[in-house]
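One structure is given below, encoded as structure tokens.
The values are calculated or read from the model by the stated rules, or taken from the named source; none is laboratory data. On a predicted model such as this, the values are computed, not experimentally measured, just so you know. So basically every Cβ, Gly included, is an ideal-geometry build from the backbone, and we count neighbours across all protein chains shown. When the accessible area is computed, the model is the full protein with side chains, heavy atoms only, and any ligands, DNA or RNA have been set aside. Shrake-Rupley method; radii C 1.70, N 1.55, O 1.52, S 1.80 Å.
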Amino acid sequence: MPELPEVEALAVYLRERAAGRRVDRIEVAAINALKTYDPSPSAAAGRAVTGASRHGKHLDVELDGLHLVVHLARAGWLHYRERFTSAAPLKPGKGPIALRVRLDDGSGFDLTEAGTQKKLAIHLVGDPAQVPGVAKLGPDALDVDAATFADRLRARRGQVKGVLTDQQVLAGIGNAYSDEILHAARLSPFARTDRLTEEQLAALYAATRRVLTDAVTRSVGQRAAELKGEKRSGLVVHGRTGLPCPVCGESVREVSFADSSLQYCPGCQTGGKPLADRRLSKLIR
């Protein structure tokens, strides 16, 4: 799932390539991905792309008074085209393309979604706050100061992995970067937020800023097609089950859930003890 660094990079990418162009038309191929109907996509025609920004993990394409707000979910992505090979409109239900934005110079971008779990969400609104997911967001993970960070984590009692990825607590952190942050902070993903010491909270705040800032730095300037590979190349524990931890050499381990998993290093995070499957055993804190 694209998280704060990748969405920030996509916003920068769009500002550099699309800002100043006018929308020729928007074509919708997957009607279930479009969550709004008023204004209709036709209302975007002729409007200039005035910018692109980010709200947590939501991408906001600014269209001279309107906002095309996109949550890419787990399998969504943006593909920029310098020129489309065909002027024929998209056929609904054909292929992975959910929505296409054609610009007046022949360029534009496709919003796509792979797989069977269709959770890509696209809103065309006058104000981003009209998007329910945006309206509920907590402060951005890179905008909070240390005191606010600590207060928000303490206020939502639970396992630190789940609290970090709760978008109403902090916006922008997902499954991959929470694994990376917790590894950098040397904390178990199952540590309780209400039991974290001042020193642990300070380490977690510093790790959050360092991991996300480094990822943004690596991502911005990359082409949209290169961002997924850039993300994978920078991960230390996430998606690296069985490989040696680059810090201590211990094998990275995994805990699986119904529809997701987490990765961690026992040597760095749990005192050398492996975590049991959460569904079957008592948690190691």
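Tell me the residue from Val237, Val247 that is touching a helix residue (DSSP H, G or I) at 6+ places or on another chain (Cβ under 9 Å), among the hydrophobic types (A, V, I, L, M, F, W, C), open to solvent by 60 Å² or more (accessible area, probe 1.4 Å) and outside any helix (DSSP H, G or I), please.
Sole residue among the options that is touching a helix residue (DSSP H, G or I) at 6+ places or on another chain (Cβ under 9 Å), among the hydrophobic types (A, V, I, L, M, F, W, C), open to solvent by 60 Å² or more (accessible area, probe 1.4 Å) and outside any helix (DSSP H, G or I): Val247.
Given the options Arg152, Arg186, Arg156, name the one that is touching an Asp or Glu at 6+ places or on another chain (Cβ under 9 Å), over 20 Å from Glu8 (Cβ atoms), charged (D, E, K, R) and open to solvent by 10 Å² or more (accessible area, probe 1.4 Å).
Arg156
Take the residues in region 155-175 that are in a helix (DSSP H, G or I), out of contact with any strand residue (DSSP E or B) (no Cβ under 9 Å at 6 or more places or on another chain) and among the hydrophobic types (A, V, I, L, M, F, W, C), then tell me which one is nearest to Val216 (Cα to Cα).
Across region 155-175, the extreme among qualifying residues is Leu164.
Answer with yes or no whether Lys91 is open to solvent by 40 Å² or more (accessible area, probe 1.4 Å), more than 17 Å from Arg25 (Cβ to Cβ), modelled with pLDDT under 95 and assigned to a loop (DSSP other than H, G, I, E, B).
When the stated conditions are applied, Lys91 does not pass them.
Among the residues of region 159-178, which ones are buried (at least 18 other Cβ atoms within 10 Å of the Cβ) and over 21 Å from Arg54 (Cβ atoms)?
Val160, Lys161, Val163
Taking the conditions exactly as written (open to solvent by 10 Å² or more (accessible area, probe 1.4 Å), over 13 Å from Phe109 (Cα atoms), of a type in the set (D, E, K, R) and outside any loop (DSSP other than H, G, I, E, B)), does Arg74 satisfy them or not?
Judged against the criteria, Arg74 is not a match.
Could you go through region 269-283 and let me know if any residue there is under 16 Å from Pro2 (Cβ atoms) and modelled with pLDDT under 95.
No: region 269-283 contains no residue that is under 16 Å from Pro2 (Cβ atoms) and modelled with pLDDT under 95.
Filter region 132-149 for residues that are touching a residue at least 24 places away in the same chain (Cβ under 8 Å) and assigned to a loop (DSSP other than H, G, I, E, B); which is most open to solvent (accessible area, probe 1.4 Å)?
Of everything passing the filter in region 132-149, Lys136 is most open to solvent (accessible area, probe 1.4 Å).
Please enumerate the residues belonging to region 94-128 that are of a type in the set (S, T, N, Q), open to solvent by less than 20 Å² (accessible area, probe 1.4 Å) and closer than 21 Å to Lys228 by Cβ.
Within region 94-128, Thr112 is the sole residue that qualifies.
Between Glu8, Glu27, which is part of a helix (DSSP H, G or I) and modelled with pLDDT of 95 or more?
Among Glu8, Glu27, only Glu8 is part of a helix (DSSP H, G or I) and modelled with pLDDT of 95 or more.
Quick test of your reading of the structure: Ala129 fulfils all but one of (1) assigned to a loop (DSSP other than H, G, I, E, B); (2) under 27 Å from Val61 (Cβ atoms). Name the failing condition by number.
Ala129 satisfies all of (1) assigned to a loop (DSSP other than H, G, I, E, B); (2) under 27 Å from Val61 (Cβ atoms) except (1).
Mind listing whichever residues of region 34-66 are open to solvent by less than 40 Å² (accessible area, probe 1.4 Å), within 17 Å of Leu111 (Cβ to Cβ) and assigned to a strand (DSSP E or B)?
Matches in region 34-66: Leu34, Ala52, Ser53, His58, Leu59, Asp60, Val61, Leu63, Leu66.
Which residues, taken from region 199-233, are within 20 Å of Asp145 (Cβ to Cβ), open to solvent by 60 Å² or more (accessible area, probe 1.4 Å) and free of Cβ contacts under 8 Å to residues at least 24 places away in the same chain?
Across region 199-233, the qualifying residues are Glu199, Gln200, Asp214.
Please indicate, with yes or no, whether at least one residue in region 67-87 is farther than 25 Å from Pro128 by Cβ and of a type in the set (A, V, I, L, M).
Scanning region 67-87 turns up at least one residue that is farther than 25 Å from Pro128 by Cβ and of a type in the set (A, V, I, L, M).
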